[in-house]
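In what follows, a structure is listed as structure tokens, so that the remarks can point back to it.
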């Protein structure tokens with residue numbers, strides 16, 4: 001691949017959806033919490049200004065009989 005080595009550093013898991021387990025290549029098989037923990041460890045949180053005004057780029061609008069008009073987008 002034509003990319004730097006730091007891009008290729010990510011955790012590897014063995015998993016079975018039918019069995020309901022996931023583990024790192026050297027760990028024990030129990031449940032999928034190891035994958036969820038890896039998401040928290042490896043994916044940085046979004047950069048938001050909590051004290052600022054709310055802004056959102058609307059990418060989709062939907063209408064629902066229960067909720068009414070819904071706007072879907074990103075901050």
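Here are the numbers for the structure shown:
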read-out	value
Long-range neighbours under 7 Å by Cβ, at least six apart or interchain, first residue assigned to a loop (DSSP other than H, G, I, E, B) within the range 1-15, second modelled with pLDDT under 75	12/25
Of all residues in the range 13-28 being loosely packed, with under 10 Cβ neighbours inside 10 Å and at pLDDT 85 or above, the one that is nearest to residue 73 (Cα to Cα)	17
Residues being in a loop (DSSP other than H, G, I, E, B) and either at positive phi or loosely packed, with under 10 Cβ neighbours inside 10 Å (or both) - total across the range 29-75	14
Lone unmet requirement of (1) within 28 Å of residue 75 (Cα to Cα); (2) exposed (fewer than 10 other Cβ atoms within 10 Å of the Cβ); (3) out of contact with any helix residue (DSSP H, G or I) (no Cβ under 9 Å at 6 or more places or on another chain) for residue 10	(3)
Scope the range 16-28; condition in contact with a helix residue (DSSP H, G or I) (Cβ under 6 Å, 6 or more places away or on another chain) and in a loop (DSSP other than H, G, I, E, B); matching residues	none
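The values are calculated or read from the model by the stated rules, or taken from the named source; none is laboratory data. Since we're looking at a predicted model, the values are computed, not measured. Neighbour counts run over all protein chains shown; Cβ positions are idealised from the backbone, glycine included.
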